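For reference, the structure is listed below as structure tokens.
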Amino acid sequence: MTGGQTIVNILLDIVTNRAIQAAALAWAIAQTIKVFLTLAISKRFDHTRVFGSGGMPSSHSAMACAMVTTVGFREGFSSTIFGLAFCFAGVVMYDAAGVRRSTGRNAAVINHLIEGLAGNGFAFDEERLKELVGHTPIQVLAGALLGILVGALIA
């Protein structure tokens with residue numbers, strides 16, 4: 001801590017930071033949409049969708065794009081910090097649609113193999129691998145658009 005800043009002042013700075021507020025709000029809206037979409041499609045409440053990853057829209061993309069948009073409006077779209085936030089958002093979205101989506105597909109195949117082997121006398125104590133971890137490009141785009149909208153409104 002520098003120059004007389006207290007923990008309370010630091011925490012106050014964090015909770016009043018517009019980029020953090022926009023990111024948190026975009027994440028919360030995206031997660032809420034996931035809960036209601038799951039409810040509408042499967043006709044049941046799935047509590048895992050409240051904090052779960054994967055699905056429509058991408059809350060990671062919404063969060064990152066809300067942050068980058070807010071930073072752009074507040075600090076300038078030519079600022080170094082906007083460039084940093086922009087690259088961060090790009091990595092988050094690439095990861096969501098690429099690496100994490102592949103991880104989910106691999107988990108589905110492994111779960112299927114384990115189910116087949118379990119039927120042939122093999123015993124597995126492991127729980128199923130989580131299959132819904134990544135996003136389709138449309139889910140990432142929807143999250144990004146949500147985040148940009150929230151960021152523009154909060155900035």
Exercise for review: Considering only protein heavy atoms, with the full assembly of protein chains and a 1.4 angstrom probe, order ILE154, ILE41, ILE20, ILE29 by accessible area, largest first.
Suggested key: ILE41, ILE20, ILE29, ILE154
**Study point:** Cα-based radius of gyration of the range 2-99 once divided by 2.2 N^0.38 Å, which approximates compact folds
**Key:** 1.30
Revision key, fill the gap. On the accessible surface of the range 1-97, probed at 1.4 Å with all protein chains in place, carbon and sulfur together account for a percent value of 72 percent
Review point. How much length is gained on full extension from SER79 to LEU37, taking 0.36 nm per residue of separation minus their Cα-Cα distance?
Key: 11.4 nm
**Study point:** Accessible surface of VAL8 - all protein chains present, 1.4 Å probe, nearest 10 Å²
**Key:** 100 Å²
Practice item. Would you rank SER78, SER42 by solvent-accessible area, highest first, keeping every protein chain in place and using a 1.4 Å probe? Key: SER78, SER42
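The values are calculated or read from the model by the stated rules, or taken from the named source; none is laboratory data. Note that the coordinates shown come from a computational prediction; the quantities given were computed from them, not determined experimentally. Please note that ligands, DNA and RNA were not included when accessible areas were found on the heavy atoms of the full protein model with its side chains. Shrake-Rupley method; radii C 1.70, N 1.55, O 1.52, S 1.80 Å.
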